[in-house]
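Notes follow once the structure below has been shown.
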Amino acid sequence: EVWEDASHKIAYDKRRHYFEGKQLDSVMNYPFMNAIIQFIRYGDAENLHDVVTTICHNYPECVVHCLMNMIGTHDTRRVLTALGGKGLYHATKDEKSLTKMTAEERKEAILLLKLAALIQMTLPGVPCIYYGDEAGMEGYEDPLNRRCYPWGEEDQDLLSWYRTLGAIRTNHSVFKEGAYKTIYCSEQVYLFQRTNEKEKVIIGVNRSSQPFHIEVENMYDDVLNNETVKEEYILNPNEGCFLVKI
């Protein structure tokens, strides 16, 4: 449970040696979590690129492929609240316990969570889902992020999205140990690719207010829309893409 770059962490005035073969195989990937939320909520694509590439460069390759990639934990706000809720950084615990998103805020937050989950599921590492995030639970800091799972009251649309992403990830070997490369990270648009000897996949999210045009050199299968892409793909505002080279 390391909240920063674990490759050169200093704790209690001592330099830690987590990845030198005798201590840890992996860590909870808080840097990815924070960068994903920062991008999805505020459009900071450059920071997400910096964080992902830094971690990939600093960590041994075997560690990168088994990083625990989460976007919410028992020690943080629920990701739905982090993406769409009110700040309330100086509010009391009682005030936070009584605060819920409006219907419009929740609708927007669920849209953003779908985009965040798309990135979480496809970056290097292993996606780790904090129970209830996939069901649309809200909540500020501990203990408000630990409410019981909403059995029978799950957001079925969001739950279906998580199942879809899980199935897609399972069907593509590139997400196990495939190489990572950022394609574009500017103007609130983030594009990256994962490749191995068998597959090439392009994933993207557009958080800008303008359509983003992606030129493709080959034919791709647009997995999310079940279409074939030739020459150009238009990534619309507040949408994500998952393109597999044919």
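The values are calculated or read from the model by the stated rules, or taken from the named source; none is laboratory data. Not measured: the values here are computed from a predicted model. All Cβ positions, even for glycine, are placed from backbone atoms using ideal geometry, and neighbour counts span all protein chains on display. Remember, those area values only see protein heavy atoms, side chains included, never the ligands or the DNA or RNA. Shrake-Rupley method; radii C 1.70, N 1.55, O 1.52, S 1.80 Å.
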Any residue at all in segment 54-74 that is in contact (Cβ under 8 Å) with a residue 60 or more places away in the chain and over 30 Å from LYS181 (Cα atoms)?
yes
With the first residue restricted to segment 109-130 and required to be closer than 14 Å to ARG163 by Cβ, and the second required to be part of a strand (DSSP E or B) and open to solvent by 10 Å² or more (accessible area, probe 1.4 Å), Cβ contacts under 6 Å at 6 or more apart or on different chains are LEU118/GLY240; MET121/PRO127
Here the qualifying pairs (Cβ atoms under 7 Å; residues six or more apart or on different chains; first in segment 231-245 and at positive phi; second open to solvent by less than 80 Å² (accessible area, probe 1.4 Å) and not charged (D, E, K, R)) come out as GLU231/VAL216; ASN238/LEU111; ASN238/ASN206
Any idea which of TYR30, TYR42 is modelled with pLDDT of 95 or more, open to solvent by 40 Å² or more (accessible area, probe 1.4 Å), within 15 Å of the chain's Cα centre (by Cα) and of a type in the set (Phe, Trp, Tyr)?
TYR42
Looking only at segment 79-94, count how many residues are at pLDDT 95 or above and touching a Leu at 6+ places or on another chain (Cβ under 8 Å).
4
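The rows are residues; the columns are (1) among the polar types (S, T, N, Q); (2) touching a Leu at 6+ places or on another chain (Cβ under 7 Å).
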residue	(1), (2)
ASP5	no, no
ALA11	no, no
TYR18	no, yes
LYS22	no, no
TYR30	no, no
ASN47	yes, no
THR53	yes, no
GLU61	no, no
Any chance you could count how many residues in segment 157-187 are over 19 Å from LEU243 (Cα atoms) and surrounded by 13 or more Cβ atoms within 10 Å (Cβ to Cβ)?
3
Condition check: of a type in the set (Asp, Glu) and within 22 Å of LEU191 (Cβ to Cβ). Does ASP50 satisfy that?
yes
Just checking, does segment 143-156 include any residue being open to solvent by 50 Å² or more (accessible area, probe 1.4 Å), touching a helix residue (DSSP H, G or I) at 6+ places or on another chain (Cβ under 8 Å) and closer than 16 Å to THR81 by Cβ?
no
